[in-house]
Amino acid sequence: MTASGSSTSDRAVGDRVTAGRVTPERAVAVSAIRLMQGVVYQESDAWDDLVRHQGAVRDHFAVVGLEVVVDDDEGYAYLRTADTPEGENALPRVIRRRTLTYADSLLLVLLRKRLAEFESAGDPGQLVLTHDEIVEMIRLFLHRSTDEAREQHQIDASINRLVGMGFLRQLKDRKGEWEVRRILKAYVDAETLSDFSAKLAEYADAGSADESTADEGVGHAGAADESTADRPSEDI
Amino acid sequence: MEYAQIEALRERHPAWRMLRATHAPLLLTVLGRFFVEEGRGASSEGELVAAPDDQLYAINTQDPANPRFVRTAAEYLADWAGPEAGFLRRFYPLGADEIHYDATPALEKAYAWVQGLAEQSFVGTESRLQTAVDLLRQIAQGTESDPAKRLDQLERRKHDIEREIDQLRQDPQAGLLDRTAVRERYQQFATTARELLADFRQVEENFRALDRSARERIATRQGSKGELLAELVHGRSMIDSSDQGRSFQAFYDLLLSTSGQEELSMLLDRMTGIEEVGADRRLRTVHHSWAEAAERTQHTVRSISEQLRRFTDDQVWLENRRVLDLVRQIETTALHLRDGELPDFGLELEETSIDVALPTDRPLFTVRPASEVNSDLEPVEAEEVDTSVLANQVVVDPARLATRIRALIPVHGTARLEDIISLYPLQHGAAEIVGYLALDEDDLEVTTHEHEETVIEYHEAGRHMRATMPRVEVTRR
């Protein structure tokens with residue numbers, strides 16, 4: 001058998017999957033698509049192909065100003081907007097940025113904390129929280145309200161939005177239990193938190209200054225929280 | 001042991017608490033069988049629940065009027081794994097959506113102790129003394145640094161072996177073990193083999209404890225960067241270089257070496273072949289169980305080392321610390337803000353996926369034609385169909401039978417069945433007779449005279465047949 005013989009047979013195979021083997025072109029395509037659909041985790045079947053064909057996948061996304069982040073240690077890969085080289089105009093955004101509501105942000109921050117604690121404890125596997133645990137966690141930081149039903153409803157809405165963003169995942173066949181996905185660590189990092197913390201502190205200072213001048217500003221409890229439910233901040 | 005120490009163990013040690021638990025017998029039968037006897041590792045809740053389910057059912061059916069265990073298997077399991085009990089480990093493995101349970105070393109201990117209560121027929125002492133002496137010899141030889149003395153020892157062993165060879169030449173029976181000695185050795189082997197299997201859980205647990213202590217030390221460390229790094233390096237090597245780590249690694253290498261595997265296989269085969277031993281069949285493959293358990297432990301060690309490495313990676317670690325500090329700040333501010341107007345801003349993040357939704361991706365509305373029902377089937381191309389199957393069926397057409405009768409009997413007339421049959425010989429045998437009897441026409445009446453008997457002769461499938469039956473008359477109304 002000659003080398004040319006094997007290459008023609010490869011070509012004949014084309015884009016099809018043969019006997020469990022996938023052609024490189026297809027592996028790159030599938031990897032790229034899976035990345036566009038969301039975070040690719042080490043446990044998923046797309047991981048091996050993605051890692052093997054990282055170079056090609058990176059080249060593919062570099063064209064539209066996206067960077068492929070593959071974190072071997074954490075076992076996840078995702079797309080993010082690449083930094084614009086100095087002196088160049090930024091490309092239009094491919095990935096939308098989203099401003100979360102205050103309640104959603106708070107929940108995300110608390111989940112980030114749980115994840116950090118979970119890791120320090122050295123527990124194996126994944127962090128799973130029940131609905132009650134999540135509610136208990138966030139409730140302390142929300143308005144003390146007598147309308148518990150409404151509060152529940154808002155927390156559920158927050159949970160659903162985080163599920164939609166890929167930070168929580170409802171377990172199959174187990175209602176009311178969520179996995180806190182590891183990718184949270186990549187998105188809610190120290191830098192993001194520090195910005196948020198600074199903004200919050202500023203807001204609190206302004207609030208207390210207001211309070212001293214006019215007492216009216218306080219008291220409209222609950223009016224602001226749901227009105228700004230996740231609006232995309234920038235368009236494609 | 002001191003009184004206080006024992007008292008503390010009684011209160012706190014999970015094995016002891018397990019023995020004191022209200023449902024200890026149930027717990028030990030169910031979990032002991034599942035994890036210890038059947039040698040399973042971490043298992044999903046679904047697999048595990050089936051075991052107590054069967055057991056509960058069996059126990060409860062002994063006295064159905066007042067069942068002893070009223071709760072469900074899953075509830076008992078959750079209880080046993082709960083933080084107050086701690087008899088089982090309960091966790092979600094990566095990539096699995098079902099809770100998994102694994103036995104704790106305490107379960108192995110408690111189960112082994114209860115098993116040990118069943119008395120043994122005899123307790124071998126000679127073989128154990130031999131083992132003890134052997135171990136002493138290994139220590140002595142392994143620590144002797146003077147080559148002359150070691151040579152001396154080897155010479156002595158050589159001499160012993162030569163003497164044995166001579167003895168065997170003179171007496172072919174020399175050196176054979178007698179029945180008792182064989183059984184004694186078997187007993188010791190079986191005990192050690194089982195203990196070894198049980199010990200893997202303890203080994204795993206020890207590794208976890210090492211990991212936890214490393215993390216604690218790192219997390220509470222408040223020193224300079226240099227000290228911190230030294231601590232981290234120490235933490236990283238702690239697992240592999242601990243006594244536990246080295247012993248386990250040596251065991252693992254020995255067990256998995258090809259020669260070790262082959263020899264073990266052969267020896268175990270040989271042992272099960274000796275009749276007087278009455279070897280437990282499960283021991284025949286005990287080396288596979290060891291390998292499985294060791295593999296599980298190895299897996300745990302690997303993932304622990306991996307996690308610990310990641311955890312001690314100073315960048316990750318510093319980031320984690322910073323994150324926790326920041327979260328604490330945010331929490332404080334959030335508590336402060338709770339009673340005022342909540343901020344209208346939040347985190348700004350990129351989405352984790354790209355929503356590709358092209359306008360053309362959504363098809364325009366298309367009018368669907370109203371559905372029509374067309375029962376006129378197009379003529380099909382001629383097709384070969386084996387119609388003989390249809391022809392071969394025995395079908396008695398009651399309408400035809402009725403027509404015959406109408407042709408034969410005038411209105412209000414009556415005829416006997418055998419007369420009708422003699423005019424129209426039966427074509428389908430008994431089925432046709434039954435057909436006549438079952439006629440259900442408005443103008444015909446079939447009456448059966450139970451007391452009179454008649455004989456009808458006919459041919460069916462080429463054979464001459466005779467039916468003896470009550471006389472039947474058919475009347476036309």
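Out of the range A:153-185, which residues are within 30 Å of B:Gly46 (Cβ to Cβ) and of a type in the set (S, T, N, Q)? Within the range A:153-185, A:Asn160, A:Gln170 qualify. Screening B:Tyr186, B:Tyr111 for residues that are open to solvent by less than 60 Å² (accessible area, probe 1.4 Å) and not assigned by the TED database to the domain that holds B:Ser289 leaves exactly one candidate, B:Tyr111. How many residues, within the range B:70-86, are buried (at least 19 other Cβ atoms within 10 Å of the Cβ), among the aliphatic types (A, V, I, L, M) and in contact with a strand residue (DSSP E or B) (Cβ under 9 Å, 6 or more places away or on another chain)? Of the residues in the range B:70-86, 2 are buried (at least 19 other Cβ atoms within 10 Å of the Cβ), among the aliphatic types (A, V, I, L, M) and in contact with a strand residue (DSSP E or B) (Cβ under 9 Å, 6 or more places away or on another chain). Within the range A:142-152, the set of residues being within 11 Å of chain B (Cβ to nearest Cβ) and without any contact (Cβ under 8 Å) to a residue 24 or more places away in the chain comprises just one member, A:Arg144. Among the residues of the range B:293-304, at least one is exposed (fewer than 14 other Cβ atoms within 10 Å of the Cβ) and out of contact with any His (no Cβ under 7 Å at 6 or more places or on another chain).
Determine whether B:Ala81 is among the small types (Gly, Ala, Ser) and farther than 19 Å from B:Ala110 by Cβ.
On the way: among the small types (Gly, Ala, Ser): yes; farther than 19 Å from B:Ala110 by Cβ: no.
So B:Ala81 does not fit the description; no.
When the range A:140-172 is examined, which residues are found to be more than 21 Å from B:Ala96 (Cα to Cα) and basic (Lys, Arg)? Residues satisfying the conditions are A:Arg144, A:Arg150, A:Arg161. When B:Ser43 is tested against (1) over 30 Å from A:Ile183 (Cβ atoms); (2) among the polar types (S, T, N, Q); (3) surrounded by 15 or more Cβ atoms within 10 Å (Cβ to Cβ), just one condition goes unmet, and that condition is (1). Candidates in the range B:126-170 are the residues that are at pLDDT 85 or above and part of a loop (DSSP other than H, G, I, E, B); of these, the one that is farthest from B:Ala190 (Cα to Cα) is B:Asp146.
If I filter the range A:30-49 down to residues being part of a helix (DSSP H, G or I) and either under 19 Å from A:Gly65 (Cα atoms) or within 10 Å of chain B (Cβ to nearest Cβ) (or both), which single residue comes out as most open to solvent (accessible area, probe 1.4 Å)? Of everything passing the filter in the range A:30-49, A:Gln37 is most open to solvent (accessible area, probe 1.4 Å). Scanning for something farther than 21 Å from A:Pro24 by Cα and open to solvent by 50 Å² or more (accessible area, probe 1.4 Å), does the range A:51-63 turn up at least one residue? No, that holds for no residue. Across the range B:1-30, the number of residues qualifying as under 14 Å from B:Gly86 (Cα atoms) and among the charged types (D, E, K, R) comes to 4.
Yes/no per residue for (1) at pLDDT 90 or above; (2) of a type in the set (A, V, I, L, M, F, W, C); (3) in the same structural domain as A:Arg182 (by the TED database):
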{"site": "A:Phe61", "(1), (2), (3)": "yes, yes, no"}
{"site": "A:Asn89", "(1), (2), (3)": "no, no, no"}
{"site": "A:Arg96", "(1), (2), (3)": "no, no, no"}
{"site": "A:Leu108", "(1), (2), (3)": "yes, yes, yes"}
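Report, by residue number, each residue of the range B:208-237 that is at pLDDT 65 or above and surrounded by 11 or more Cβ atoms within 10 Å (Cβ to Cβ). Before the answer, list the steps.
Applying the first criterion (at pLDDT 65 or above) to the range B:208-237 yields B:208-220.
B:Arg208, B:Ala209, B:Leu210, B:Asp211, B:Arg212, B:Ser213, B:Ala214, B:Arg215, B:Glu216, B:Arg217, B:Ile218, B:Ala219, listed by residue number.
Here A:Leu115 does not qualify as open to solvent by less than 20 Å² (accessible area, probe 1.4 Å), more than 7 Å from chain B (Cβ to nearest Cβ) and modelled with pLDDT of 90 or more. Here B:Leu267 fulfils each of the conditions (1) modelled with pLDDT of 85 or more; (2) within 13 Å of another protein chain (Cβ to nearest Cβ) apart from (2).
With the condition kept exactly as written, say whether any residue in the range A:151-160 is closer than 30 Å to B:Thr297 by Cβ, among the small types (Gly, Ala, Ser) and not assigned by the TED database to the domain that holds A:Val69. Checked against the condition, which is being closer than 30 Å to B:Thr297 by Cβ, among the small types (Gly, Ala, Ser) and not assigned by the TED database to the domain that holds A:Val69, the range A:151-160 yields no hits at all. Here B:Leu437 fulfils each of the conditions (1) without any contact (Cβ under 8 Å) to a residue 40 or more places away in the chain; (2) open to solvent by 80 Å² or more (accessible area, probe 1.4 Å); (3) out of contact with any helix residue (DSSP H, G or I) (no Cβ under 7 Å at 6 or more places or on another chain) apart from (2).
Within the range A:153-183, restricting attention to residues that are in contact with a helix residue (DSSP H, G or I) (Cβ under 6 Å, 6 or more places away or on another chain) and not in a strand (DSSP E or B), the residue that is most open to solvent (accessible area, probe 1.4 Å) is A:Arg161.
Scoring B:Leu129 on the criteria (1) under 30 Å from A:Val180 (Cα atoms); (2) surrounded by fewer than 16 Cβ atoms within 10 Å (Cβ to Cβ) leaves a single failure, condition (1). Out of the range B:332-368, which residues are open to solvent by 30 Å² or more (accessible area, probe 1.4 Å), of a type outside the set (A, V, I, L, M, F, W, C) and within 45 Å of the chain's Cα centre (by Cα)? Hits for the range B:332-368 are B:Ser353, B:Asp355. Note on the range B:87-108: residues that are facing chain A (nearest Cβ under 9 Å), open to solvent by less than 50 Å² (accessible area, probe 1.4 Å) and more than 18 Å from B:Thr297 (Cβ to Cβ) amount to 4. When B:Glu384 is tested against (1) modelled with pLDDT under 80; (2) within 14 Å of chain A (Cβ to nearest Cβ), exactly one condition is not met: (2).
Restricted to the range A:119-141, and to residues there that are more than 7 Å from chain B (Cβ to nearest Cβ) and part of a loop (DSSP other than H, G, I, E, B), the residue that is most open to solvent (accessible area, probe 1.4 Å) is A:Leu140.
A single member of B:Leu31, B:Leu19 is open to solvent by 30 Å² or more (accessible area, probe 1.4 Å) and in contact (Cβ under 8 Å) with a residue 60 or more places away in the chain, and it is B:Leu19.
The values are calculated or read from the model by the stated rules, or taken from the named source; none is laboratory data. Keep in mind that this is a model prediction, so the values were computed, not measured. Because the Cβ atoms are built from the backbone with ideal geometry, glycine has one as well, and the counts that use them run over all protein chains shown. Protein only, heavy atoms only, side chains kept; ligands, DNA and RNA dropped before computing areas. Shrake-Rupley method; radii C 1.70, N 1.55, O 1.52, S 1.80 Å.
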